[in-house]
Each structure stands twice: as C-alpha cells, then as structure tokens.
1. From the residues in the range 241-262 that are hydrophobic (A, V, I, L, M, F, W, C) and within 14 Å of S230 (Cβ to Cβ), which one is least open to solvent (accessible area, probe 1.4 Å)?
2. Can you say whether T151 is out of contact with any Pro (no Cβ under 8 Å at 6 or more places or on another chain) and of a type in the set (V, I, T), as far as the supplied structure shows?
3. Right, N202: among the polar types (S, T, N, Q) and farther than 28 Å from S180 by Cβ or not?
4. Name, by its number, the condition in (1) in a helix (DSSP H, G or I); (2) open to solvent by 60 Å² or more (accessible area, probe 1.4 Å); (3) closer than 22 Å to G121 by Cα; (4) not β-branched (V, I, T) that does not hold for F182.
5. Here are some conditions: (1) under 28 Å from I225 (Cβ atoms); (2) surrounded by fewer than 24 Cβ atoms within 10 Å (Cβ to Cβ); (3) among the hydrophobic types (A, V, I, L, M, F, W, C). I191 meets all but one. Which one does it not meet?
6. Looking at the range 104-120, I want the residues that are over 15 Å from V77 (Cα atoms) and have a partner that is in a strand (DSSP E or B) and of a type outside the set (A, V, I, L, M) with Cβ atoms under 6 Å, at least 6 apart or on another chain. Which pairs are those?
7. From E94, E101, which residue is over 15 Å from A70 (Cβ atoms) and either over 13 Å from the mean Cα position of the chain (by Cα) or among the acidic types (D, E) (or both)?
8. With the condition kept exactly as written, say whether any residue in the range 198-208 is of a type in the set (F, W, Y) and within 30 Å of E75 (Cα to Cα).
Amino acid sequence: MSEHLPSQPRNWLGYCGCYTMGCLSLPLLFVILAIIGVMLGKSQFTPSSTASPYDKEVLYGAADAPRQIAVIDIEGVIYSAGNSSLSSSGAVSEEICRQLEYVAGDPAIAAVILRVNTPGGEVVAADNIYHEILRLKQTCPVVASMGAMATSGGYYVSAPCSKIIAHELTITGSIGVIMSSFKYYELLDKIGLAQENYTSGNLKDILSGVRPTSPEEKAIIQSHIDLVYSRFVQIVADSRPDLTVDKIKNSIIGDGRILSAPQALELGLIDELGYFDAAIAAAAKLADLGENDYSVVAIKRNLTVGEALRSLTNITAETPDINVNLPGASASSQNQPLPSGRFYFLPSGQ
C-alpha cells in the first residue's frame, strides 16, 4: 500500500507579494526610462564615439541659416576639472576650452559670444581659457557679454575678446590676486590641542595654520602674488589699447576694487553698455554678416547614458575646505567650497 504525502499548501501570499512588487516596479522603470529619455532628448545623446560631443541649440534666427554666431557660457566660479570639491557646479576650464576648440573647427561659425557671469576663480584655469580665446580669435571674432558679475578672473577671460559689452548694472574690475589661509593656533591653545609637523625643510609647511607665519614666509607668498598680478596687469594692458601697465598699477583700475559698468567704460576696460542683443549685433558686424544671414546658437554638450544615470542619483562628494562669500555672486556660488593654498582671481570676501 502506497503512502501519500500530504500536499504542501501553496504560498499564495508569497506569489501575491512577488506579483505586487513586479507590478510596482514596472511604473518605476517607466519613470526612470522617461526621465532618461527627456534628459537625452534635451541634450541629443550621440552614441558613436566618433560623433561630435556637442550640439547646437538655436536661440535666434532660422535653423537653416548659412552662418552662425555661437554662444558659450562661462557661469560660476572658474576652476579646473581636478578640483573635485567644486565638481557639482561652476565653470570648468577644460570643458570651456573644448567648446572653444569645437567652434574654432566649425566652418559654419562666423563669430562667438562669451556670456560671462563669474566672480573669477583659479588662476591657471582662467589663464587656460584666456589662451584658448586668443587661438579662437585667429579664426573668428569673439565678443564678451558680461552678465551680473565679471570680476577678477571673469575680467581676465573677457580681456582678450574683440569687443567687451557689459550690462549697465554689471559688476566688474577687481583686477588682482588673492590667496587665503586660516590661522587657528590660538584656538588650539585654548582647547589644549597641539599639532606637530615633521618636514624636510623649514618652509615646507609654509601655510600651516597651527603656528604664526614668519616674515620670511610672508615675503615668499607675496612674491608669488606679485608675479601673478604682474601677468594679469600685462594681459589687460595688451588687450586694451588705451591702457598701459603703469596706468593700471597707479590708478583705481589695478588696486583690486570692484567697478560698476559705467566706471569700467569710462576707464577703458569695456567698450559698450548694452544687453545681450547688443553683443549679437556687435558679433554680426565684426563678422560682416547681413541681418538675415545668420542664426544664434548655444553650444550644448551631449550627455552620455552614464552621465544621465549618474545625474539621477544626484550623488556629490562633499569635501568643503573654505566657504567664501562673494559680493554680488549668486546663491549657488556663495556655497561653493574653495580649497585653500591656491592662487585665485577673486574679489576679496566681505
């Protein structure tokens, strides 16, 4: 006689749970795909590695116009790609230089407008952009259109342009160099904490915050500041026909103060007061373009699938070192951390 084993009851709850989770995950998947689709649609994803990493978004004029005026934005604090603490926002010099190289190689581009809205930033990053603008000028005219702020490094990258146009309310100037370092040795003394540094030379920890700065160290730092400042002044003098090195250094132009746009116009730092349409008109005139011969296009970088997915996670590294408050800067720029121990073309924090 055979023995029958009792049948195991079906785990309907488990099945229902799996089914429910599957049903719930489908809308989520559709939402993710929809978001990616929208993002890629905005930035025209190009899967081919040989295709252009950039696309053009028509701002004004007909899309089939034979010639184009390209617009490149320099927005936020200028920094290099290696500065991971600023990776979430700002003007990345390497990316801006690649955009300048891209338009230089496009025969349809007759002129370029730089929309400058920045308080400045890292010295080398700003200088790399300056160098690339000089190269671009050999191909086509470049016009700077200053926004709310184009101070220090913002003026540095505007100086080589064929023409500089600023809004009447623009803040510019601040021609100078700054380097900051925190000193907290007295605070450590109060809480009974000390730090010992073992160095290969007595100047290796020149910016240490755990001890006072010696006169020798101050002289060394100041010599570097003076060197960078001299280059800044020379670039302004080379770019502006009515200004000389002596005139800049011995006037309010070179003492580091911020200037209103009307002041800058009077001092010869800019060419004209006007809105963005004035910059378009100036670029068209410099490129000898007729009224209906061109369109105005913004240069936009195409997103890859990986970048689209990463943007969904919204994960940013938080490694703040120094938070600076810049007069006139946007709220997003106010919270951008700047690493200490670097030279900056920035207005002094207030």
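1. Per the stated criteria, the residue is I248.
2. Judged against the criteria, T151 is not a match.
3. For N202, the condition - among the polar types (S, T, N, Q) and farther than 28 Å from S180 by Cβ - is not met.
4. Only one criterion in (1) in a helix (DSSP H, G or I); (2) open to solvent by 60 Å² or more (accessible area, probe 1.4 Å); (3) closer than 22 Å to G121 by Cα; (4) not β-branched (V, I, T) is unmet by F182, namely (1).
5. So I191 meets the others, but not (1).
6. From the range 104-120, the pairs are A108/Q68; I109/Q68; A110/R67; I113/S145.
7. Just a single option satisfies the conditions, and that option is E94.
8. no
The values are calculated or read from the model by the stated rules, or taken from the named source; none is laboratory data. None of the values given here were measured: they were computed from a predicted structure. All Cβ positions, glycine included, derive from the backbone under ideal geometry; neighbour counts span all protein chains shown. Calculation scope for accessible area: heavy atoms of the full protein, side chains included, ligands and nucleic acids excluded. Shrake-Rupley method; radii C 1.70, N 1.55, O 1.52, S 1.80 Å.
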